[in-house]
Amino acid sequence: MSETPQQEKTLFMTRLMTPDMSNFSGKVHGGTILKLLDEAAFTCASRYCKTYVVTKSLDQVVFKKPIEVGDLMTFKCNINYVGKTSMEVGIRVEGERIKEKIEYHAISSYFTMVSVDDEGKPIEVPRLQLNSEVEKKLFEAGKMRFAMRKEIQERNKKLHVSLDNWINIWK
Ligand SMILES: CC(C)(COP(=O)(O)OP(=O)(O)OC[C@H]1O[C@@H](n2cnc3c(N)ncnc32)[C@H](O)[C@@H]1OP(=O)(O)O)[C@@H](O)C(=O)NCCC(=O)NCCS
């Protein structure tokens, strides 16, 4: 009897925050962190579905603490939920200030990544195997966020203000 192959659902990526990543106040620039989050989400999703993936959306990037140059940041990624062609990657970022022996939770966020073919068209992703109670809970929570994103998208359409004549605002 052949065993079901283990799915690659998690990824840990650790990066040192170097001086070139800092902003004017000497803390790490938010945009640098966003790029690293996207890189981690891409790698986790691509490894999971074994195809190229693109970023569809990200939500709830909450910066809980400022990040210092010299800190080690670990991006802990997990495939929480899969739809037909999309995946929700949950990312928890933990910081480490080695000399001071300080560890902190810096950021939490959710990325939606879509698996695409060579023409950039969405393709189906493998069904997620749920092997524990925690994985089942993460899946259910991801499913709810998936529905919430759809709802927000629809609500936002109704809030849309046409800026075709935007130049008139400044007259
Ligand atoms: C991703 C892309 C290929 C999807 O194509 P599309 O024609 O919109 O395809 P769909 O409408 O079927 O959406 C694909 C998936 O995204 C999901 N989706 C659509 N809008 C979404 C949103 N606002 N947030 C999260 N997921 C969303 C859909 O539910 C679908 O998932 P499912 O198959 O699991 O249900 C296309 O939108 C694209 O190329 N976007 C640009 C991607 C990119 O360049 N990213 C980098 C940004 S710099």
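Mind checking which residues of region 1-21 are surrounded by fewer than 16 Cβ atoms within 10 Å (Cβ to Cβ) and either in contact with a strand residue (DSSP E or B) (Cβ under 6 Å, 6 or more places away or on another chain) or not in a loop (DSSP other than H, G, I, E, B) (or both)?
Passing the criteria: 10, 12, 14, 16, 19, 20.
State all residues of region 90-127 that are buried (at least 20 other Cβ atoms within 10 Å of the Cβ) and either within 16 Å of the ligand (Cβ to nearest atom) or over 19 Å from the mean Cα position of the chain (by Cα) (or both); if no residue qualifies, say none.
If the condition is that a residue be buried (at least 20 other Cβ atoms within 10 Å of the Cβ) and either within 16 Å of the ligand (Cβ to nearest atom) or over 19 Å from the mean Cα position of the chain (by Cα) (or both), then 90, 91, 109, 110, 111, 112, 113, 114, 115, 125 are the ones that fit.
Just give me the residues in region 116-171 being under 23 Å from residue 59 (Cβ atoms) and of a type in the set (S, T, N, Q), in sequence order.
Of everything in region 116-171, those that are under 23 Å from residue 59 (Cβ atoms) and of a type in the set (S, T, N, Q) turn out to be 153, 156.
Of all the residues that make up region 108-126, how many are touching a strand residue (DSSP E or B) at 6+ places or on another chain (Cβ under 7 Å) and modelled with pLDDT of 95 or more?
Adding up the residues that qualify gives 11.
Please go through region 57-82 and give me each residue that is within 16 Å of the ligand (Cβ to nearest atom) and surrounded by 15 or more Cβ atoms within 10 Å (Cβ to Cβ), ordered by number.
Within region 57-82, 58, 61, 79, 80, 81, 82 meet the criteria.
Look through region 128-171, keep the residues that are of a type in the set (Phe, Trp, Tyr) and exposed (fewer than 11 other Cβ atoms within 10 Å of the Cβ), and return whichever of them is nearest to residue 81 (Cα to Cα).
Across region 128-171, the extreme among qualifying residues is 166.
May I ask you to verify whether residue 35 is over 22 Å from residue 153 (Cβ atoms), at pLDDT 95 or above, within 16 Å of the ligand (Cβ to nearest atom) and not hydrophobic (A, V, I, L, M, F, W, C)?
Yes.
With respect to the numbered conditions (1) part of a strand (DSSP E or B); (2) surrounded by fewer than 16 Cβ atoms within 10 Å (Cβ to Cβ); (3) at negative phi; (4) modelled with pLDDT under 95, which one is the sole condition not fulfilled by residue 24?
For residue 24, the exception is condition (1).
The values are calculated or read from the model by the stated rules, or taken from the named source; none is laboratory data. What you are looking at is a predicted structure, and each value in this text was computed from that prediction instead of being measured. We place every Cβ from the backbone using ideal geometry, glycine too, and count neighbours over all the protein chains shown.
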